[in-house]
Each structure stands twice: as structure tokens, then as C-alpha cells.
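What follows is a single structure, written as C-alpha cells, with notes after it.
What follows is calculated from the coordinates using simple rules that are stated; it is not laboratory data. Just so we're clear, the structure is a prediction, and the values are computed from it rather than from any experiment. Neighbour counts run over all protein chains shown; Cβ positions are idealised from the backbone, glycine included.
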Amino acid sequence: MSLGDRDRLALVVADVNWFTTENLFRELDDPAVALLGLRCMDYVNGWRKRIFPWSSSTRLRRRGNGRWSRDLVLPPGWMKRFPRLGMRPIARAADSFWRREGAGARRGLVMTYPHYRYLADQVRPEVSLYYNLDDYALYWPGRADEIRALERELVRSSTATVCVSRRRAEELRRGSPEAAARVHHIPHGAPRAFLAPAPLPRPGSPPADIGHLPRPWIGYVGTLEDRLDWPLLEALVARFSRASIIVVGRLPQPSEDDWFESARRFIDRPNVHVVGWRTQAELPRYYQSFDVNLIPYRVDHPFNMACSPTKIMDGMAATRPMVASAIPECRLYEHLMDVAETREAFLEAVGAVLDRGSDDGRAEARHAWARANLCGEVVKRVLATLWEPERAPVSLD
């Protein structure tokens, strides 16, 4: 049953700054839902993105049938220090959208940070969803107790809570037992643009900038930061010295932390090729062209223990072999990719894939999984929790 069979919904999403959230709600296809995706940022972040209070994107823009977007550039401190005051422009944007598109529809609000609890108090939606992407207490450790308390309030007051990570869902259920039945684990979806036309037992055609590199290609797509297992990557580049290790991501900023020296040694190796940042539209061809895709995360890093890497479904959609560290969320996909408990096991798994001609025999299974869990399907499950909050949606749970 679609949302249209139940009720019309005017939904405000605060906010869609993350590619994952934007991809998810962009693929919503339900004529009964009018949706406004807000991108909220302070002046500093707006300046970096060349977005200013007078920019055209700060006005309501139509994105398709029933789909709208708007950027909001807000004063510094609007979220952490002065949230009640800082939420007022967002509340006005939501009310304006509801008046314009919400005649006869239920007013819905999706909140992606605990601080949006203050926004809910101001706009008082009829249905509300806390969409949890991370452990936000790790973002602001100096305010960890305050953020956890705010998050508990949000879980208890929301119609439903959806976590992309199973561990986070378990933590929020323990923290708010009276709302535990309304907390769901629904992992990220696969963006339709990332889905290979068919399973790829062999690498697809490469982007022009890496086509000259010697095979095999061992690829990583993502940020170069302390969350990566740098000793593992140093061992990888030494073990597979004849392979091209291709990194799609920005070079790390200089740091005095121990990991940066390891990262510098890795990047300086002759068979490591850092191609730099690429747009979302460019990423699928990299994923599809690699012999092996990597998720080489530290298993002891707090962010990695709490997260649901977008690389899982992005790589799944590409259908190529994947080797991952045994962080909690990756363990859920051991039937579709190699999940290594130790660094040596990780290296052996990469070697085994290469020895089999870069075909691990699971391309069709990954393709089927990605098709069944495209963002358009996942967003239906997410929004279904607004109508039956205590009914477990179809998911890995």
C-alpha cells in the first residue's frame, strides 16, 4: 500500500546536506507526497559553497512533480549555541511550504540532527521522523551529554525513528525503551545512478584518467582521514606492489597526528594513484572499473563502529568484488562481500579475488540486492514508519 492509499503528506526534510539523504528523497516517487528538501548551513559553509543569503537557491525551487528544494544560509551558532533562535528561519520556510503545498495534507517533518528537536517544537508537525545517520555526540564531544539528552527527547517525541546503522538503532532503543518499538534499522539505499546495467563479473570500462594504469586495480572511494586503517593500507601497497592502488578522494590536510605520517608514506608509494575528488555523477564508473573495491576502515574507531558506510550500497550497485574491515555494519553483508576480521585476512581476501581473475562469483547476487534496495524502494520503507510506527519495515532486521 502506498502513502497515497492512506493520506496526502506535505513533507519537509531538514536537511538534505548529506548526499545520502539527498539521494534517498530525490528518488521518492509518490503523487501523494509533496516534498521540500532544505539545505541548512551557516554563513561560513555557505561562503565555501558560493551560496549567499541573496543567492537564487535560497528561494523555493521546483525539482519535479511535487518536489521542491531551498537553501537556507543562517548565522554561525544557529544550531549549537542559539538553536531556538536559529530554527526560526527554518520554521518559517516549513510553514510557508505547508501553506503553499499542504492544503488538505498532513504536515510531516524529517529531522536529521538532534538539534532539530527545537524546530519540531516551533512548527508542531502532525507526523515526524528522526532520521539518524551517525552518532552525533562524536561530532561535538564537548557537548556529548547535552546531545544525547536532546536525542533521547527526539526519539521519544517523534512518530518514528529510522537509523541507517543497526548499532545506532540498538543504542537508541536502549536509551529510550518506551519508544523502542518505534526505532527501526533501515540501511542506506543504492542510488539508481550507481546501479550497473547488468552484473559485472569483469571490470567495466574505465574513466579516461585511469585507463593507462597497469592492472589489477584495487580501488578506494572516499575521504582520506584518520578513520582509515593506514597500517593496513601500507601493508596492502607492499603486498600488491604490481597492482595499481587507485584512490578517489581528496588528499588529507597536514596533521601532526600519527596517522598522517602513515598516510603520507602510503600516498608516496609509486603504485598509489590519488586521482582526487570526483562528483557523484562520476563515481559509478570508478566503482565499476575496479578489480576490487575496498572499505579499509579501522575497527576500533568510534565513528566506524557507529556508522553505516555509503560505500556498501554504492559498491553493491557496481556489482564488483568488495573487501571490507569487520566493522559492525559491514558484518551484515558477509554473504555479498568479503569481511575480514584481521589485517592479514583482509590482504588474503584481496589476493584471493585477484587470483580468481577479479570475479568472486557474487556479481549477480550484489546486483539483485542493489535492485531490491534502490533509494526509491528504501524511501518507501522509511516513510511507511510514519503510518505504522511500531510495525517493523522490510529491512535487514
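Among 258, 229, 29, the largest mean-square fluctuation in a Gaussian network model of the chain, built with springs joining Cα atoms closer than 10 Å, belongs to 258. A Cβ-based charge dipole, computed about the Cα centre of the stretch 1-149 with Lys and Arg at +1 and Asp and Glu at -1, lands at about 680 debye. Note on residue 281 and residue 55: the extension gain reaches 79.0 nm, defined as 0.36 nm multiplied by sequence separation minus the Cα-Cα distance. For residue 80, a cut-off of 23 angstrom between C-alpha atoms picks up these lysines, skipping any fewer than 8 places away in its own chain: 49. Annotation for residue 140 and residue 238: the two label points, set 7 Å from Cα along the Cα-Cβ direction, are 4.3 nm apart. With contributions of -39500 (n - 2.57) from each DSSP H run of at least four residues, the per-residue ellipticity at 222 nm computed over the chain stands at -10000 deg cm²/dmol. In terms of its Cα atoms, the chain spans 62, 47, 43 Å along the principal axes, sorted from long to short. The value obtained for the stretch 262-330, namely the Cα convex hull volume divided by the number of residues, is 112 Å³ per residue. Under the simplified labelling scheme, the residue 95-residue 193 pair shows an inter-label distance of 3.5 nm, with each label point 7 Å from Cα along Cα→Cβ.
Over the stretch 1-99, the fraction of Cα-Cα pairs per 5 Å bin, rounded to whole percents and listed from the shortest bin up, is 3, 13, 22, 23, 20, 11, 6, 3, 1. Say R0 is 22 Å: what FRET efficiency, to the nearest 0.05, do residue 223 and residue 44 get from their beta-carbon distance? Once rounded, the FRET efficiency stands at 0.65. Taking other C-beta atoms within 10 Å as the exposure proxy, 325, 358 rank 358, 325 from fewest upward.
Scanning the chain for trypsin sites (Lys or Arg not before Pro) in DSSP loops with at most 12 other Cβ atoms within 10 Å, what's the longest stretch left with none? Between exposed loop sites, the widest span is 82-241.
GNM remark for the chain: springs join alpha carbons under 10 Å apart, and the peak mean-square fluctuation among 273, 188, 367 falls on 273. Are there any chymotrypsin sites (Phe, Trp or Tyr not before Pro) in the stretch 119-216 that are in a DSSP loop and have at most 16 other Cβ atoms within 10 Å? List them by number. Sites meeting the loop and neighbour criteria: 139. Placing +1 on the Cβ of every Lys and Arg and -1 on the Cβ of every Asp and Glu, with nothing else charged, gives the stretch 192-372 a dipole about its Cα centre of roughly 720 debye.
For the chain, a simple Cβ point-charge model (Lys and Arg +1, Asp and Glu -1, everything else neutral) yields a dipole of about 1620 debye relative to the Cα centre.
Its alpha carbons give the stretch 192-372 an Rg and a Dmax of 15.0, 45 Å. Can you list the DSSP H helices in the chain whose Cα atoms extend at least 15 Å along the helix axis and whose mean Kyte-Doolittle hydropathy is -0.5 or higher? Counting only whole DSSP H runs, the qualifying helices are 343-355.
With point charges of +1 on the Cβ of Lys and Arg and -1 on the Cβ of Asp and Glu, referenced to the Cα centre of the chain, which listed residue (162, 252, 199) lies farthest in the positive direction of the dipole? Farthest towards the positive pole: 162.
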